[in-house]
Ligand code: PEP
């Protein structure tokens with residue numbers, strides 16, 4: 001049985017005081033959540049302070065990105081070992097904002113995924129179609145391409161340590177959530193791809209999160225779908241009550 005994961009992507013939000021207070025709020029309520037794992041992903045600059053605020057709570061810490069190289073002349077970048085050094089256990093990779101605004105390709109996401117696993121981080125690899133791709137009935141094709149490109153060369157053991165997040169781009173930050181049926185259809189496809197590319201045991205093990213306008217009011221229906229193993233939450237992760245409300249809906 002896959003234990004649901006509720007992950008908060010704070011994006012480029014909060015300041016130092018707000019990040020610490022948000023982490024403290026989540027840590028305080030986490031004791032009441034027994035059916036899901038909790039994770040928060042603050043901006044890089046606040047990772048260490050948030051790690052302190054989460055200390056002795058069950059809430060895990062993650063980053064929103066990293067660079068694939070271990071060290072060297074890569075101005076402005078942050079490596080996987082720097083993330084583990086400050087207490088991060090997870091890293092979000094290939095978020096649609098990085099793919100579509102910063103220009104990250106499947107190849108770059110793939111290099112980062114391999115480097116994250118090598119460093120002992122759990123990668124949360126994001127895939128998702130644009131609205132025009134859905135309207136052109138290309139969702140399955142786009143997801144299969146991102147899946148294959150982002151996870152290329154991973155062993156079955158490495159895929160077993162990876163989390164996948166399905167985030168339809170048209171649902172991110174728009175308030176337009178996918179219906180439970182739309183989410184389940186893609187999640188079931190992803191699980192089939194895992195079974196075909198690796199094996200049935202791995203396919204059953206990997207957590208596949210849904211992301212895109214998840215709120216306390218719609219979380220239960222989404223997460224009760226057989227192949228939806230939790231949520232990657234943007235906007236609603238910025239308020240402890242909303243974030244914990246989503247986790248409580250599991
Ligand atoms: C996200 O950024 O991953 C996300 C799903 O955002 P929101 O919940 O705000 O749609």
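Quick look at the values:
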item	result
Residues located in region 129-153, provided they are in contact with a helix residue (DSSP H, G or I) (Cβ under 7 Å, 6 or more places away or on another chain), on the phi < 0 side of the Ramachandran plot and in contact (Cβ under 8 Å) with a residue 40 or more places away in the chain	129, 130, 139, 140, 143, 144, 146, 147, 149, 150, 151, 152
Enumeration of residues in region 165-181 that are assigned to a loop (DSSP other than H, G, I, E, B), over 13 Å from residue 129 (Cβ atoms) and either in contact (Cβ under 8 Å) with a residue 40 or more places away in the chain or more than 10 Å from the ligand (Cβ to nearest atom) (or both)	173, 177, 179
Candidate set: region 182-222, residues that are within 14 Å of the ligand (Cβ to nearest atom) and in a loop (DSSP other than H, G, I, E, B); chosen: the one surrounded by the fewest Cβ atoms within 10 Å (Cβ to Cβ)	215
Pairs where the first residue, in region 205-227, is within 17 Å of residue 189 (Cβ to Cβ) and the second is within 14 Å of the ligand (Cβ to nearest atom) and assigned to a helix (DSSP H, G or I), C-beta under 7 Å, 6+ apart	210/183; 210/222; 212/171; 222/183; 225/183
Selected residue [more than 16 Å from the ligand (Cβ to nearest atom) and under 20 Å from the mean Cα position of the chain (by Cα)] from 54, 22, 93	54
Condition met for residue 109 (assigned to a strand (DSSP E or B) and within 16 Å of the ligand (Cβ to nearest atom))	no
Residue ID - surrounded by the most Cβ atoms within 10 Å (Cβ to Cβ), chosen from residues in region 223-248 that are within 10 Å of the ligand (Cβ to nearest atom) and outside any helix (DSSP H, G or I)	231
From 53, 30, residue being touching a strand residue (DSSP E or B) at 6+ places or on another chain (Cβ under 8 Å), at pLDDT 95 or above and farther than 14 Å from residue 90 by Cβ	30
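Conditions (1) in a helix (DSSP H, G or I); (2) in contact with a strand residue (DSSP E or B) (Cβ under 9 Å, 6 or more places away or on another chain); (3) surrounded by 17 or more Cβ atoms within 10 Å (Cβ to Cβ), marked per residue:
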| position | (1), (2), (3) |
| --- | --- |
| 129 | no, no, yes |
| 133 | yes, no, yes |
| 137 | no, no, no |
| 141 | yes, no, no |
| 147 | yes, yes, yes |
| 152 | no, no, no |
| 157 | yes, no, no |
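The values are calculated or read from the model by the stated rules, or taken from the named source; none is laboratory data. These numbers were taken from a predicted model, which means no experiment stands behind them. Neighbour counts are summed over all protein chains in view; Cβ atoms, including those assigned to glycine, are modelled from backbone coordinates with ideal geometry.
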